[in-house]
Amino acid sequence: MESAQRSVLQAVTSAYKTVSTRALQVLAGTPPINLHIEYAIRIFNGITKSDSEAILIEQWQLLWDRSDKGRWTYEFFPNIHNRLQTLISFDHYTAQLVTGHGGFNGNLHYFNLSDNPHCSCGHTDEKLSTF
């Protein structure tokens, strides 16, 4: 189910295909589709919308905390509730910054598209020095 959600999230966030699904979900402010389905089922079964939403956010936070993917994005958005309260519009460049996936020499070097991982200022961790 998440693969179907993934392509929509990529379009919404303007992020590269190499960004993890977990990070895309956080960027877009869209919970994993299975958690959204469980949310709808709880409401159908009579649980209040606010209680169901609290459960969804708690479960999503656990998934995000335990994920080994999207850790650069996690540095910007460690808390799901806070991320959902923050209105952010991502363009292609902002998505690169908060995901760490983009035209950084470190990434280009990893994919053998650049001779070295250093940025023009000499730092290896180009994502941080760019920021």
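Summary table
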{"item": "Residue in region 66-78 that is at pLDDT below 90, crowded, with 16+ Cβ neighbours inside 10 Å and either in contact with an Asp or Glu (Cβ under 8 Å, 6 or more places away or on another chain) or of a type in the set (F, W, Y) (or both) present", "result": "no"}
{"item": "Close pairs (7 angstrom Cβ cut-off, 6 or more residues apart or separate chains): under 21 Å from L87 (Cα atoms) in region 3-28, of a type in the set (F, W, Y) and at pLDDT 95 or above anywhere", "result": "R22/W64; V26/W64; V26/F77"}
{"item": "Filter result for L24 (in a helix (DSSP H, G or I), under 15 Å from G100 (Cα atoms) and aliphatic (A, V, I, L, M))", "result": "yes"}
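The values are calculated or read from the model by the stated rules, or taken from the named source; none is laboratory data. Note that the coordinates shown come from a computational prediction; the quantities given were computed from them, not determined experimentally. Backbone-built Cβ (ideal geometry, glycine too); neighbour counts: all protein chains shown.
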